[in-house]
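Input: a single structure, listed below in structure tokens.
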Amino acid sequence: MKNVQLNHIHESLGAKILPFAGYNMPIQYEGVNAEHSTVRESVGVFDVSHMGEFLIEGDGALELIQKVTTNDASKLNIGDAQYSCLPNEDGGIVDDLLVYRIKENTYLLVVNASNIEKDWNWISAKNEANVTMRNLSDAYSLLAIQGPKSVEAMQSLTSVDLAAIKFYTFKVGDFAGIEHVIISATGYTGSGGFEIYCKNSEVEQIWNKVFEAGADFDIKPVGLAARDTLRLEMGYCLYGNDINDTTSPLEAGLGWITKFNNEFTNSDFLKTQKETGVSKKLVGFELIDRGVPRKDYEIVDAEGKAIGIVTSGTMGPSVKKGIGMGYVSTEFSKIGSEIYIKVRKRSLKAQVVKMPFYKK
């Protein structure tokens, strides 16, 4: 297991640290519900330095990204970010990722920690034009400062106007006494805020100054367990749960990041799938009966016939009800459809609902 640069700080704060995606990661500090509420109501800080970062630069950089991702990266201006995914040859997803356009011919790809090696090998194998690729994952750290008070709490640390960084855009500027960090707004919580990409040698200074600046705003460290409940309340997919090597972007409701104005890996198959339709769809559901849905619980119809599987589930701390996501047969995917979640020997009634579950 690798340690993130700030592992000693997380230990000193009493974090519960467990293995996650090849790293020892802080899962929680004071408790999931309290940390979840901190992000919804004030400002919390996640250390997500386990994420992977690839720099793609030079002539052919855009062409390579267009070839391996489903979204249209040609739409990106410098300072824009984009959510996308890497399709495989079998109709599934290698990974979902963020694409940042740093300079004219320089792009940063941010990938999931569990897939760093897999993604690197996949993109490298498609790099027939020998575009320059650099894996920066072990050299860079990433902090996510999330919550409605994030901008107000952090503005004193930078000359960049944080309020002007719109969703899915970023600035390169000074932050907490460090020059040339990436300050982006691609949050995974639904409560606003931004992310700081910096070198490992810089992250401890930034962490300390962030907590000094946020002291009057009830700032707290937040672990990955609350990150999971926050993203689920927003209906955001988690790789390995809601999407994987066997789920297509169209089945996962990611048609909005699957553009067909250029050819990419397996685009012909996905285009045909879009035209003919899919047999299963990822839906959000709320329990009507009391209970908590969990990953891999079976979904059945009123007669008890299997129609799908839960991919993510929890008791939503903000919405105060059992919520989840799962794949169901397409005929049960309409909003309002009645489905049942098998919890041990019971079948709990649930209803397919429009996501996000949490609305400000």
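Since every read-out is calculated from the coordinates, none of them should be taken as a lab result. Not measured: the values here are computed from a predicted model. A quick note on method: Cβ atoms are made from the backbone with ideal geometry, for glycine too, and the neighbour counts reach across all protein chains shown.
Counting every other Cβ atom within 10 Å of each residue's Cβ, E202, E11 order from fewest to most as E11, E202. A prolate overall shape is assigned to segment 90-229, the ratio a/c of its alpha-carbon gyration tensor axes (a ≥ b ≥ c) being 1.5 or greater and a/b exceeding b/c. Per residue, the average separation of C-alpha pairs within less than 8 Å and at least 6 apart gives the chain a relative contact order of 17 percent. Using a Gaussian network model of the chain in which every pair of alpha carbons under 10 angstrom is joined by a spring, one finds that among E303, E331, E30 the greatest mean-square fluctuation is at E303. Converting the Cα gyration tensor eigenvalues of the chain into ellipsoid dimensions via √(5λ) gives semi-axes, longest first, of 32, 28, 17 Å. For segment 50-66 versus segment 178-239, the inter-centroid distance based on Cα atoms is 24 Å. Each Lys or Arg adds one and each Asp or Glu subtracts one; over the other residues with Cβ under 14 Å from the Cβ of D138, this totals +1.
Work through the residues other than H8 whose Cβ is under 13 Å from its Cβ and net out their charges, Lys, Arg +1 and Asp, Glu -1. Write out the running numbers ahead of the final one.
Numbers: positive: none; negative: E11, D47, E204.
Result for the neighbourhood of H8: -3.
Every helix of 4 or more DSSP H residues in the chain counts as -39500 (n - 2.57), and over all residues that averages to -6000 deg cm²/dmol at 222 nm.
Placing unit charges on the Cβ atoms of the charged side chains and taking the dipole of the chain about its Cα centre, the candidate lying farthest along the positive direction among T330, S37, L76 is T330.
Summing charges over neighbours of D80, with a neighbour being any other residue whose Cβ is under 14 Å away from its Cβ, gives +3 when K and R count +1 and D and E count -1. Placing unit charges on each Cβ (+1 for Lys and Arg, -1 for Asp and Glu) gives the chain a dipole about its Cα centre, and among A252, I288, V203 the Cα reaching farthest toward its positive end belongs to I288. Straight-distance candidates among the lysines for linking to K349, with alpha-carbon spacing under 18 Å and chain neighbours fewer than 8 residues away dropped: K295, K305, K320, K321, K334.
The string of couplings for segment 272-286 from the Karplus curve (6.51, -1.76, 1.60, θ = phi - 60°) is 5, 4, 5, 6, 8, x, 10, 8, 9, 9, 7, 10, x, 9, 10 Hz, one whole number per residue in order, with x for Gly and Pro.
Among the chymotrypsin sites (Phe, Trp or Tyr not before Pro) in segment 114-185, those located in a DSSP loop and surrounded by at most 13 other Cβ atoms within 10 Å of their own Cβ are F167. From the alpha carbon centroid of segment 266-338 to that of segment 69-112 is 27 Å. By the Cα gyration tensor, segment 52-135 has an equivalent ellipsoid whose semi-axes, rounded to whole angstrom, run 18, 14, 12 from largest to smallest. Straight-line cross-link reach from K220 at under 17 Å between alpha-carbon atoms covers these lysines, not counting any fewer than eight positions away in the same chain: K16, K149, K209.
Amide H contacts of G291: G322, each under 5 Å away and 5 or more positions distant or on a separate chain (H built 1.01 Å from N in the peptide plane; Pro and chain starts excluded). Take the Cα of I309, step 7 Å toward its Cβ, do the same at E104, and the gap between the two points is 4.9 nm.
Using the Cα centre of the chain as the reference point, and only Cβ charges (+1 on K/R, -1 on D/E), how large is the resulting charge dipole? Debye, rounded to the nearest 20.
Numbers: 38 positive and 46 negative charges, 275 e Å.
It comes to approximately 1320 debye.
Assuming 0.36 nm per residue, please report the length gained on full extension of the stretch H180 to K199 beyond their Cα-Cα distance. All intermediate terms of the calculation are to be shown ahead of the outcome.
Numbers: separation 19, 0.36 × 19 = 6.84 nm, distance 0.99 nm.
Result for the pair: 5.8 nm of gain on full extension.
For segment 145-150, 3J(HN,Hα) computed residue by residue from phi via the Karplus equation (6.51, -1.76, 1.60; θ = phi - 60°) reads 9, 10, x, x, 9, 4 Hz, glycine and proline entered as x.
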